[in-house]
Amino acid sequence: MRKVQSSKSKVQSSKLKTQSTKSGRIVITGCLGQLGRALREALADRTLLLLDLPEGDITDPAIIPVIADFQPDVVLHPAAYTDVDGAEREPDAAYRVNVWGTQNVALACQRCGAAMLYVSTNEVFDGTAEEPYREWDRPNPISVYARSKAAGERVVQALLSRFYIVRVAWLFAPGGHNFVTKIIAAADRHGALRVVDDEFGNPTYAPDAAAAMARLIETGHYGIYHFTNAGFCSRYEFACQILRLAGRGHVPVTPIPSSEWPRAATPPRRAVLANTAGAELGITLRPWKDALREYFTPHATRNT
């Protein structure tokens, strides 16, 4: 997902990009973000309505008839305000996109009878559990960003009966602005890094998550899912693996506690997700190290 900033312009349906191929009508919000792009590739054989700023502003109620008039079978909603630290400084902006925008998308689904897939985050949990969080565990968000995403989940559940809520974590993809690109840029700029070693999560390759979502929407098994690559690690471990695969294994990395890396937001320390529900349907994602290795293949990195 990418940071979505609100726009005051009215939605102009004539400017929205539509792809038509063989079957199935699907709307993708946030189509220019790293997950949105991956979903476009995973669903390239469908008839797609692709929405993003400025024309496809989900915070504008005018988006409701645009989506509804397309008569989709399902709406995939990865668009979000994802600047976690920025949300602490601009909480109204985060809530406007992640709650009000999500409500507009859900109302559009309600109007046309479409199912909805809402992309949420591991950060809806407080990170105090020793075991990985399962889909039915109670959220307890501790940051503005996390509270806005949890509120978005509740909006979807309140307005719709046919929905998928899919939580992801630590997304990365070719061409995206993410932890992988930040680590490489910092290594090249500074020649040495300090990375926290007490924050744990599941690195998730956006193309793998998108492929899992494409399979999920064919099942009709509505509910809450956790789609992350198998396994988990600390930010420090993730950074070391990134540098090794990026040919920068010589760059020294010092593990530090999060208390030495002050941030506006407080991330959950151990918001590791377990894919329990998806596994019951036979939908699993490969180990994160294998996915990261593919990210660094010449084909995958052509746009980085």
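The values are calculated or read from the model by the stated rules, or taken from the named source; none is laboratory data. What you are looking at is a predicted structure, and each value in this text was computed from that prediction instead of being measured. We place every Cβ from the backbone using ideal geometry, glycine too, and count neighbours over all the protein chains shown.
Within the set THR82, THR59, the sole residue that is in contact with a Phe, Trp or Tyr (Cβ under 7 Å, 6 or more places away or on another chain) and buried (at least 21 other Cβ atoms within 10 Å of the Cβ) turns out to be THR59.
Per the listing VAL119, VAL144, VAL156, VAL124, the residue uniquely within 18 Å of the chain's Cα centre (by Cα) and closer than 20 Å to ALA62 by Cα is VAL156.
Among the conditions (1) crowded, with 17+ Cβ neighbours inside 10 Å; (2) free of Cβ contacts under 8 Å to residues at least 12 places away in the same chain, ALA279 misses just one, which is (1).
The set of residues in segment 241-251 being out of contact with any Gly (no Cβ under 8 Å at 6 or more places or on another chain) and on the phi < 0 side of the Ramachandran plot consists of GLN241, ILE242, ARG244, LEU245, ALA246, ARG248, GLY249, HIS250. Going through (1) surrounded by fewer than 20 Cβ atoms within 10 Å (Cβ to Cβ); (2) over 22 Å from HIS226 (Cα atoms) one by one, LEU49 falls short only on (1).
Is it fair to say ARG270 is charged (D, E, K, R), in contact with a helix residue (DSSP H, G or I) (Cβ under 9 Å, 6 or more places away or on another chain) and touching a residue at least 24 places away in the same chain (Cβ under 8 Å)? Walk me through how you get there before you give the answer.
Numbers: charged (D, E, K, R): yes; in contact with a helix residue (DSSP H, G or I) (Cβ under 9 Å, 6 or more places away or on another chain): no; touching a residue at least 24 places away in the same chain (Cβ under 8 Å): yes.
No.
Applying the condition of being part of a loop (DSSP other than H, G, I, E, B) and out of contact with any helix residue (DSSP H, G or I) (no Cβ under 8 Å at 6 or more places or on another chain) to segment 31-66 and asking which residue is nearest to THR82 (Cα to Cα) yields GLY33. Where residues in segment 106-147 are among the hydroxyl-bearing types (Ser, Thr, Tyr) and touching a helix residue (DSSP H, G or I) at 6+ places or on another chain (Cβ under 7 Å), which of them is surrounded by the fewest Cβ atoms within 10 Å (Cβ to Cβ)? Going through the qualifying residues, I end up with SER143.
Residue-level check: of (1) in contact with a strand residue (DSSP E or B) (Cβ under 8 Å, 6 or more places away or on another chain); (2) surrounded by 24 or more Cβ atoms within 10 Å (Cβ to Cβ); (3) not charged (D, E, K, R), ALA38 misses just (1).
Considering only residues of segment 149-168 that are among the small types (Gly, Ala, Ser) and surrounded by fewer than 24 Cβ atoms within 10 Å (Cβ to Cβ), which is nearest to THR228 (Cα to Cα)? That would be ALA150. If you go through segment 235-269 and keep only what is crowded, with 20+ Cβ neighbours inside 10 Å and assigned to a strand (DSSP E or B), you end up with just VAL253.
Somewhere in segment 9-30, is a residue buried (at least 20 other Cβ atoms within 10 Å of the Cβ), touching a helix residue (DSSP H, G or I) at 6+ places or on another chain (Cβ under 7 Å), at pLDDT below 50 and not polar (S, T, N, Q)? It would help to see each step written out before you state the result.
Kept after step one, since they are buried (at least 20 other Cβ atoms within 10 Å of the Cβ), are these residues of segment 9-30: 11, 26-30.
With touching a helix residue (DSSP H, G or I) at 6+ places or on another chain (Cβ under 7 Å) added as a condition, the list becomes 11, 27-30.
The next check asks that each one be at pLDDT below 50; those that pass are 11.
Cutting the leftovers down to not polar (S, T, N, Q) gives us 11.
Within segment 9-30, one or more residues are buried (at least 20 other Cβ atoms within 10 Å of the Cβ), touching a helix residue (DSSP H, G or I) at 6+ places or on another chain (Cβ under 7 Å), at pLDDT below 50 and not polar (S, T, N, Q).
Please name all residue pairs, on different chains or six or more residues apart, with Cβ atoms under 8 Å, provided the first residue is in segment 234-263 and is farther than 23 Å from PRO132 by Cα and the second residue is basic (Lys, Arg) and in a helix (DSSP H, G or I). Listed by first residue and then by second, the contacts come to LEU245/ARG293.
Looking at segment 42-62 only, could you name the residues that are of a type in the set (Asp, Glu) and under 19 Å from ASP73 (Cβ atoms)?
Going residue by residue through segment 42-62, those that are of a type in the set (Asp, Glu) are 45, 52, 55, 57, 60.
Result: ASP45, single match.
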